[in-house]
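I have placed the structure first, in the form of structure tokens, so that the comments after it can refer back to it.
The values are calculated or read from the model by the stated rules, or taken from the named source; none is laboratory data. Just so it is clear, the structure is predicted and the values come from calculations on it, not from any experiment. Note that we place each Cβ from the backbone using ideal geometry, even for glycine, and neighbour counts take in every protein chain shown.
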Amino acid sequence: MNILIMGPAGSGKGTMSEKILELYDIPHISTGDMLRENVRNNTELGIKAKEYMDAGHLVPDDVINAMVEKRLQEPDCEKGYLLDGYPRTLVQAETFAEISDRVQKPIEAVIALEVGFEELEKRITGRRICPKCGAIYHVNGHMGNKYGYCDVCGTELVQRRDDTVEQLKVRMDEYEASTKPVIDYYSGKGLVHKIDASVPADEVFAQVKEVLGKVA
Ligand SMILES: [Zn+2]
């Protein structure tokens, strides 16, 4: 199964991705991980990408696209893939259509996780993190065995500076502006499945399984 997953920060995309990967036994392909791996392994594309990153520039599309094309041809993609964070623009989506046709692995389903603003606000403004080890807590959930302190390392929990309503609004506007053309593009191909991700994770996954079951 060849899947693209989309969803704003706080939509539970990470959790859903893990469950989908397990269900279909496919690899997770995110451009961030792919870039880091190519740079670490000093591949030809990694060396090229590093030049841009070192100069403080974004890695251009043609480098990213070439990495994705190579990645899709690795043996672990035989049963499919889960794309995450790419394509993120209309131009990338159009180019990816050519790439994935060339390697005969076109996207079969786009999972678009949707969460209303109020629910996202609850999830994000209630989040607390450990500034030392990065563990995540929530005021409506677990706040440490000793309230307000990290279970792992004992450090006092804090709210991340950008986990505020104002920053959430900015991020949501950006997310919607950038993803809308991509969603519209795949909607035109009849591939988009909008999922209500404001419910608990197991209910979200039940919806995901149902729509993917109809595709497979
Ligand atoms: Zn900690």
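Here are some notes:
- When A135 is tested against the conditions (1) of a type in the set (A, V, I, L, M); (2) under 15 Å from K122 (Cα atoms); (3) within 16 Å of the ligand (Cβ to nearest atom), the lone failure is (2).
- Cross-chain or 6+ apart pairs with Cβ under 7 Å, segment 180-198 first and among the aromatic types (F, W, Y), then part of a helix (DSSP H, G or I) and surrounded by fewer than 18 Cβ atoms within 10 Å (Cβ to Cβ): Y185/L90
- From Q104, Q159, residue being more than 19 Å from the chain's Cα centre (by Cα), more than 16 Å from the ligand (Cβ to nearest atom) and among the polar types (S, T, N, Q): Q104
- Residue match in segment 175-186 (condition: under 24 Å from F117 (Cα atoms) and not in a helix (DSSP H, G or I)): no
- Considering residues of segment 120-132 that are under 29 Å from D196 (Cα atoms) and among the hydrophobic types (A, V, I, L, M, F, W, C) only, the residue nearest to the ligand (Cβ to nearest atom): I129
- Filter result for C130 (of a type in the set (A, V, I, L, M, F, W, C) and loosely packed, with under 14 Cβ neighbours inside 10 Å): no
- Residue under evaluation N145, criteria (1) under 30 Å from S178 (Cβ atoms); (2) without any contact (Cβ under 8 Å) to a residue 60 or more places away in the chain; (3) out of contact with any helix residue (DSSP H, G or I) (no Cβ under 8 Å at 6 or more places or on another chain), criterion not met: (1)
- Qualifying residues in segment 75-125 (those that are in contact (Cβ under 8 Å) with a residue 40 or more places away in the chain, part of a loop (DSSP other than H, G, I, E, B) and aliphatic (A, V, I, L, M)) - the one surrounded by the most Cβ atoms within 10 Å (Cβ to Cβ): V115
- If you filter segment 138-156 down to residues that are of a type in the set (G, A, S) and within 19 Å of R123 (Cα to Cα), you find that the one that is nearest to the ligand (Cβ to nearest atom) is G144.
- Selection count, segment 26-38, where residues are surrounded by fewer than 19 Cβ atoms within 10 Å (Cβ to Cβ) and modelled with pLDDT under 95: 5
- Among the criteria (1) more than 16 Å from the ligand (Cβ to nearest atom); (2) in contact with a Lys or Arg (Cβ under 6 Å, 6 or more places away or on another chain), the one M172 does not fulfil is (2).
Residues are listed down the side, and each one gets a yes or a no for (1) of a type outside the set (V, I, T); (2) closer than 17 Å to S17 by Cα:
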position: T164; (1), (2): no, no
position: R171; (1), (2): yes, no
position: I183; (1), (2): no, no
position: D202; (1), (2): yes, yes
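- Residues within segment 196-216 that are assigned to a helix (DSSP H, G or I) and in contact with a Ser or Thr (Cβ under 9 Å, 6 or more places away or on another chain), tallied: 3
- Verdict on Q167 being of a type in the set (S, T, N, Q) and assigned to a loop (DSSP other than H, G, I, E, B): no
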